[in-house]
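Below is one structure, written out as structure tokens, with a few remarks after it.
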Amino acid sequence: MTDNNNTTPPTDHTPSAVPPRGTLARWKLIGPGIVVAVTGVGAGDLVATLIAGSRFGYALLWAAVVGCIVKIALAEGSARYHLATGSTMLEGWRSLGIWTYWYFGIYIVIWGFVYGGTAMSATALPLSALFPDLLPFWVWGALSGIAGAVFILLNRYAMFELVMKIFIGIMFVVVVGLAILVVPNVGDALTGLVPTIPEGSAIYTLGLIGGVGGTITMAAYGYWVNAKGWNTPAWMGVMRLDNRVAYIATGIFVISMLVVGAELLYTAQIALSDGDRGLLDLDDVLRDRFGPIVSTIFLIGFAATTFSSILGVWHGVSLLFADFVRQVVGGSKDRSNLETTKAFRFYVLWLTFPPMLLLALGRPFALVVAYGAFGAFFMPFLALTLIWLLNSKRVPAEWRSGWLSNLLLGLAAALFVVLCLSELARFI
């Protein structure tokens with residue numbers, strides 16, 4: 001049975017029992033959404049939007065905007081379940097049947113192994129470019145994973161959130177600065193907000209909508225909201241403000257990279273490599289066009305993007321795993337200190353050390369494809385179970401999904417099912 005009462009044990013980070021009334025005071029509390037935005041926007045997301053701009057100009061700008069709206073609905077649904085019920089997403093899934101635990105348990109273990117290698121490899125790319133010949137590629141990857149693990153294990157949510165805010169500041173300056181530097185064509189950009197699907201871009205358009213702004217970290221958002229001290233429905237308005245700010249920031253990043261692709265690459269018909277290495281191709285273009293200073297600043301932003309994703313996943317997905325173990329093994333009702341559990345520490349180390357074996361393989365193409373196919377399995381699960389949970393009696397009537405939430409979650413579910421099938425076909 002799940003603990004579906006409307007109270008949650010207080011956390012060390014609880015600022016007060018009731019949120020402040022003033023607008024400025026509420027804006028000062030924004031944090032979990034920033035964590036989601038920084039974690040969700042990885043190198044792969046930047047490359048996807050960059051390539052969209054390089055291939056289709058501004059034509060798919062609307063798809064990037066729609067993608068952010070879809071992710072707002074998913075993250076809001078996850079956090080709303082936490083605040084409205086006093087339960088966690090794992091408790092909600094458990095109430096749907098034991099099949100959800102088999103699905104999630106197997107998924108999170110395999111996903112963590114594959115993602116760990118992918119994330120460390122992505123972070124090694126800009127570090128190797130910034131400091132050529134200093135250390136082997138695999139050493140940079142291993143050091144980035146170890147640094148992330150040490151930071152997460154030695155700190156709690158408050159310090160973690162502060163550091164993630166610093167990273168989003170670096171990313172904002174670099175990514176938005178690049179978009180300004182290439183001088184966007186405002187007229188063409190506004191035209192790109194009108195939905196069109198250029199020839200040969202259908203699946204690519206769906207991928208752009210569904211792939212930007214996080215996957216499994218959508219489910220972690222509710223845990224970060226609780227870690228912030230927001231534990232009751234009284235915090236619903238603050239959470240929604242926080243979530244919207246997060247995906248407005250995500251939208252700014254996505255649009256900025258699409259502008260860079262459209263202005264710097266599309267007009268010159270410059271092609272990029274798929275995957276994270278596409279950002280190294282962009283670095284070469286920036287070096288030729290603007291010089292070594294801009295190139296170095298870009299690589300710093302690239303490193304901030306990839307390492308912040310390490311920190312976010314090492315913390316957020318470890319919380320999910322700790323809650324999973326709490327219920328499967330112990331059944332404890334205390335979920336206020338998941339960061340201190342053995343399961344949390346185990347999963348941080350699981351993300352760090354076993355995947356180092358993959359670094360020795362140099363992330364072959366098969367690994368990249370397998371990660372894409374495997375990653376596609378989670379989002380349909382999240383979208384469909386959120387629809388189920390948020391329209392059930394588990395949630396008080398006033399906090400159940402309305403027509404707009406159901407519409408967006410239904411759109412997300414259909415989109416991710418199509419993308420999942422597409423990735424499976426690609427893998428096979």
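Just so you know, all these numbers are worked out from the coordinates, no wet-lab data involved. No experiment lies behind these values; they were computed from the predicted model shown. Cβ sites come from the backbone with ideal geometry, for glycine too, and all protein chains shown count toward neighbours.
Once both axes come from the Cα atoms, what is the angle between helix 378-390 and the longest principal axis of the chain, in degrees from 0 to 90, rounded to 10?
Approximately 40 degrees, to the nearest 10.
Using the count of nearby Cβ atoms within 10 Å as a rough guide to exposure, how do ASP133, ASP281, ASP242 rank from fewest to most?
Fewest-to-most ranking of ASP133, ASP281, ASP242: ASP133, ASP281, ASP242.
Can you tell which of GLY402, GLY40, GLY410 shows the greatest fluctuation in a Gaussian network model of the chain with Cα springs below 10 Å?
It is GLY402.
As a test of the formula, what do you get for the chain when each DSSP H run with n ≥ 4 contributes -39,500 (n - 2.57) and the sum is divided by the residue count, at 222 nm and rounded to the nearest 500 deg cm²/dmol?
Helices in the chain give a 222 nm mean residue ellipticity of -23000 deg cm²/dmol.
Cut-off is 10 Å between beta-carbons; in what order do TYR221, TYR247, TYR103 appear when sorted fewest neighbours first?
Lowest count first: TYR103, TYR247, TYR221.
What whole-number distance in Å separates the alpha-carbon centres of region 91-131 and region 300-324?
10
Output wanted: per-residue J couplings in Hz (rounded whole) for region 296-309, from phi through Karplus 6.51 cos²θ - 1.76 cosθ + 1.60, θ = phi - 60°, x for Gly and Pro.
Coupling constants for region 296-309: 5, 4, 4, 5, 5, x, 4, 5, 5, 5, 6, 6, 5, 5 Hz.
At R0 = 25 Å, how high is the FRET efficiency between ALA425 and LEU361 if r is their beta carbon distance? Nearest 0.05 is fine.
Between ALA425 and LEU361 the formula returns 0.55.
How far, in nm, would the chain grow between LEU153 and LEU404 when pulled straight, counting 0.36 nm per residue and subtracting the alpha carbon separation?
86.4 nm
When a footprinting reagent is the concern and you count Cβ atoms within 10 Å, what order do ILE297, ILE248, ILE98 take, fewest first?
The most exposed by this proxy come first: ILE98, ILE248, ILE297.
For region 240-256, in order, what is each residue's ³J(HN,Hα) by Karplus, 6.51 cos²θ - 1.76 cosθ + 1.60 with θ = phi - 60°, in whole Hz (x at glycine and Pro)?
5, 4, 4, 5, 5, 4, 4, 8, 5, 4, 4, x, 4, 4, 5, 5, 4
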